[in-house]
Amino acid sequence: METDFSVALKTPTKCSKAELDAFEGLVNIGGEVIQNGLRHRIEGAYFLALGKIANGEVVGVAALKNPNKNYRGSVFEKSYSKEEPSQWQAELGWIFVRNEYRNQGLVTRLVKELFSSNTTMKVYATAREKNDPILPLLKKFGFVQSGQAYPSENGDYNLVLYIKQA
């Protein structure tokens, strides 16, 4: 059965405390990020996309993050990318949908909404090397691999840097 989703695109300052709590909670369930300082990073993002079901519950999230200069530089350096890190202002990330709402197109809608924000920022993303569900999505939105896979600091797996082509 297909679920009817609504997608809200907001700056963090326009989100309610409940929306920020729900966003952070889903990102933590995903288990792919360092939790220390997460709320601060969420509040510093450019845009948050929240996928909600009819009762208003947030069941999926994605963001255009505002990465700090050192983190961004280290990602490009570790991947041996030939790109200049300072040219890439935003990072697509914190993409997570609760299990029971997956495979219904919500992730695509969340990312599409983020890119409809009329931003001219250059965007990059990182993903697990063998993250089969996310790779077609990145390709669909014009991302290509830059550099090579590198070891994650958050687990026993490799990450890959992707950059969005204009």
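The values are calculated or read from the model by the stated rules, or taken from the named source; none is laboratory data. Keep in mind that this is a model prediction, so the values were computed, not measured. Note that we place each Cβ from the backbone using ideal geometry, even for glycine, and neighbour counts take in every protein chain shown. What goes into the accessible areas is simple: the full protein's heavy atoms, side chains included, and nothing from ligands, DNA or RNA. Shrake-Rupley method; radii C 1.70, N 1.55, O 1.52, S 1.80 Å.
So the values come out like this:
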| item | result |
| --- | --- |
| Per residue solvent-accessible surface (Å²) - the range 18-112, probe of 1.4 Å | 50 |
| Fraction in percent of alpha-carbon pairs per bin - 10 Å, the range 1-51 | 23, 53, 20, 3 |
| Choice from Thr108, Thr120, Thr13 showing the highest fluctuation, given a GNM over the chain with Cα pairs closer than 10 Å | Thr120 |
| Pairs beyond 21 Å (Cα-Cα), from Lys14/Lys52; Lys14/Lys140; Lys14/Lys112 | Lys14/Lys140 |
| Carbon and sulfur %, accessible surface of the range 96-166 computed with the full protein complex present, 1.4 Å | 45 |
| Residues in the range 119-149 that a label on Lys82 would reach, taking backbone N under 14 Å of a point 7 Å out along Cα→Cβ | 145-148 |
| Longest site-free stretch - the chain; sites: trypsin sites (Lys or Arg not before Pro), DSSP loop, at most 12 other Cβ within 10 Å | 1-81 |
| Label point distance in nm, Met121-Lys69, each placed 7 Å from Cα along Cα→Cβ | 1.7 |
| Simple Cβ-charge dipole of the range 1-140, Lys/Arg +1 and Asp/Glu -1, about Cα centre, in debye nearest 20 | 320 |
| GNM top mover of Ala49, Ala149, Ala18 - the chain, alpha-carbon springs below 10 Å | Ala18 |
| Relative contact order (percent, whole number), the chain, Cα cutoff 8 Å, 6+ residue spacing | 21 |
| GNM top mover of Ser116, Ser152, Ser79 - the chain, alpha-carbon springs below 10 Å | Ser116 |
| Inter-site label distance for Lys140 and His40 at 7 Å from Cα along Cβ, in nm | 3.5 |
| Whole-number accessible area per residue in Å² for the range 125-166, which is evaluated in the context of all protein chains at 1.4 Å | 59 |
| Distance histogram in 5 Å bins (all Cα pairs of the range 1-137, percent per bin) | 2, 10, 20, 23, 21, 14, 6, 2, 1, 0 |
| Efficiency of FRET from Cβ geometry, Lys17 and Lys130, R₀ 30 Å, rounded to 0.05 | 0.25 |
